[in-house]
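S.K.: Got a structure for you, questions after.
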Amino acid sequence: MKTYIKLPLALFIALLSFSVGYGQDKNEKKANEKFDNYAYADAIDTYEHLIEKGYDSEEIYKRLGNANYLNANYKKAAEWYGRLFAIENATIDAEYLYKYAQTLKSLEKYDASDQWMQKFEAAKAQDKRVMQFAKNTDYLEKIKEQSGRYDIKNLAINSSASDFAPSFYGTQLIFSTARDTGIVSRTTHLWNKKPFLNLFVSEPSESGDYTTSSKFSKVLNTKTHESSAVFTKDGNTVYFTRNNSKNRTFARDAEGVSRLKIYRANLQDGEWTNIVALPFNGDDYSVAHPALSPDETILYFSSDMPGTTGKSDIFSVSIGSDGNFGTPINLGETINTEGRETFPFVTEAKVLYFASDGHPGLGGLDVYATRLEDMDDLYIVNVGEPVNSIEDDFSYVINEETSKGFFASNRDGGKGSDDIYSFVQNTPPDLICNTLVSGIVKDQETAAPLEGAKVAIFNSESEVVAETISNADGTFNLEGDCKEDSYKLVVLKDEYDEGNEMFTTVNANDTEGIEVALERSIKRAAIGTDLVQFLEINPVYFDLDKSNIRPDAEQTLSKVIEYLAVFPDMYVQVQSHTDVRASTSYNERLSDRRAKETVAYLIAKGIDTSRISGKGFGESQLVNDCTTRDKCSDEQHQQNRRSEFIVITKEDASQNE
């Protein structure tokens, strides 16, 4: 893309990324001054003129590569980075390895890109982009699996300039554009000689197409950049990005840079008023591209503020009922990398879409998605083609009710440097991560395949992850977790001893070829059997006057859970007891609490409520002759503070409900 954040946001990326020295003569010095002042278009022209005159400089190649990279001229950047790496004994920072790998993707040289990523890995093994690449060496295949879910169309309102950052405002489409509506270009930016950005609005026609547009608001649009607006559902509040400004013109920091800030405005009597900068903005860093949570209590944004992992990260901040803001929180290293994460958008279903060049993609910025329901177990998905391409693809928004939305891209075939595309999402991205766990169950003695064996995966918390039944040929296929963990595969079949195998999931890779051989035995417990004795396990013991489940009881309960998973038609009554060190009535109540706590634990671990019931027997069923408080030691009394598991009939179970 030719302006997306190269007018606003990539400006601060340059400050973080590049610092190289002055060169050979006044012409090169002049070019360096243009580069250092972010006049990249002019710098490119001057550097290329020096090359034509015969200059051959490592620093010129670096700056030419960087200037083109920041203007999203990735193919030209690849050319200059290639020349840079052709210089023998050149002193080159590892970041150039990554950028060269990225630019090669725009030439669709994915094998070569992967090779340079491996060199980058050798140079910066702990870089999160390296870790993402190592986990997703088959990223092109994964992207292919997600592709083909959209029908896209270039909008008629696009201009020959940069058009991007679409947002919903009722039925209207608000977007940012670098088009200059004057007869002569009045306001241009040295970064790429394009006009400054303004917010425009487009009304849909009767057919629903967006064919005409105009400036959105004379109040919101100033002589600085305005972009990336998001509106509250009532339409009365807008958050938008603008350069740090004073008296409606640029305000600059000590380095002469006008940072980006998010502003808020309110609609009153048809006019936008109360335009204020948000309190977590800063004069020494940029804050941009606001997005709202479905309930409008959280604002998401992109920034390079302190605490940022890479060039720009995605943050969130709470919005109080009084309109005040909390402290910004970085969304974490699963989402954010050392690269650029930007342009967040959150749907009603709490799906976060964002643009990044730090996660494995097709080239430049790609659009990614993840569910925000569990921040500790995020799964990042590249939404695939045709939304993503070898160029920059970003500022994705969608209405989940209609499955329609918009995004921007600087791909070939557009009308300008960045164009807005509409889309219809035919199928949502698959945001559930599963791994394939497969194998075969056999008879240990005969090696014959066993049909009908219950196969279950348990995680390290003894929770059932997935379960299935082996096929006629003994094979099984399960969808396991992507979470890196140690898992136990438990196989149970009538008249066979339990079989199990341990395996570990790493990098969301499949686990295949597991072979479990079962030894024949009689397994089903008869009605009235105490599973504690049948399975040769300890009862669930309790502390004095307590009903909570102790850690040492979890192994017993795990065995019961695994056993019940084998016999889905088995019903159990938890029978709980106390010692004699309280009144009879109190002990009856205490044993009832112990039974309920034991039952609740089993239900929480996946046992159906219809299969498990509980009953307290107080002190009426002692296992020893500790009939008085002082007759026995505490260890002897402990034997009576227990829960047991008695197999009952379905009829008895229904009566206990």
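The values are calculated or read from the model by the stated rules, or taken from the named source; none is laboratory data. Everything quoted here is computed from the prediction, not taken from an experiment. Backbone-built Cβ (ideal geometry, glycine too); neighbour counts: all protein chains shown. When the accessible area is computed, the model is the full protein with side chains, heavy atoms only, and any ligands, DNA or RNA have been set aside. Shrake-Rupley method; radii C 1.70, N 1.55, O 1.52, S 1.80 Å.
S.K.: Given 623, 560, which one is part of a helix (DSSP H, G or I), β-branched (Val, Ile, Thr) and modelled with pLDDT under 95?
M.R.: Numbers: 623 fails: part of a helix (DSSP H, G or I).
Of the residues listed, the single one that is part of a helix (DSSP H, G or I), β-branched (Val, Ile, Thr) and modelled with pLDDT under 95 is 560.
S.K.: Residues in the range 382-440 that are without any contact (Cβ under 8 Å) to a residue 60 or more places away in the chain, among the β-branched types (Val, Ile, Thr) and assigned to a strand (DSSP E or B): how many?
M.R.: Qualifying residue count for the region: 1.
S.K.: Need pairs with beta-carbon distance below 9 Å; first residue free of Cβ contacts under 8 Å to residues at least 24 places away in the same chain and within the range 448-474, second outside any strand (DSSP E or B) and of a type in the set (Asp, Glu); sequence gap 6+ or separate chains.
M.R.: Going by the 9 Å Cβ cut-off, the qualifying pairs are 451/473; 465/481; 469/451; 471/451; 472/451.
Residue by residue, here is whether (1) over 21 Å from residue 129 (Cα atoms); (2) not in a loop (DSSP other than H, G, I, E, B) holds:
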| site | (1), (2) |
| --- | --- |
| 262 | yes, yes |
| 272 | yes, yes |
| 280 | yes, no |
| 296 | yes, no |
| 302 | no, yes |
| 321 | yes, no |
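S.K.: Looking at 321, 356, 303, which one is open to solvent by less than 10 Å² (accessible area, probe 1.4 Å) and free of Cβ contacts under 8 Å to residues at least 24 places away in the same chain?
M.R.: Only one candidate passes the filter, namely 356.
S.K.: Shifting gears a bit: Do you know which residues across the range 574-620 are hydroxyl-bearing (Ser, Thr, Tyr), part of a helix (DSSP H, G or I) and over 48 Å from the mean Cα position of the chain (by Cα)?
M.R.: Passing the criteria: 584, 585, 586.
S.K.: On the basis of being over 20 Å from residue 222 (Cα atoms), at pLDDT 95 or above, over 22 Å from the mean Cα position of the chain (by Cα) and open to solvent by 20 Å² or more (accessible area, probe 1.4 Å), does residue 328 make the cut?
M.R.: no
S.K.: Looking only at the range 49-81, count every residue that is in a helix (DSSP H, G or I), farther than 23 Å from residue 311 by Cα and open to solvent by less than 50 Å² (accessible area, probe 1.4 Å) and tell me the total.
M.R.: 3
S.K.: Okay, next question. Do the conditions hold for residue 515, that is, is it without any contact (Cβ under 8 Å) to a residue 12 or more places away in the chain and among the acidic types (Asp, Glu)? Talk me through it step by step, then tell me what you get.
M.R.: Working: without any contact (Cβ under 8 Å) to a residue 12 or more places away in the chain: no; among the acidic types (Asp, Glu): yes.
Against the criterion (without any contact (Cβ under 8 Å) to a residue 12 or more places away in the chain and among the acidic types (Asp, Glu)), residue 515 does not qualify.
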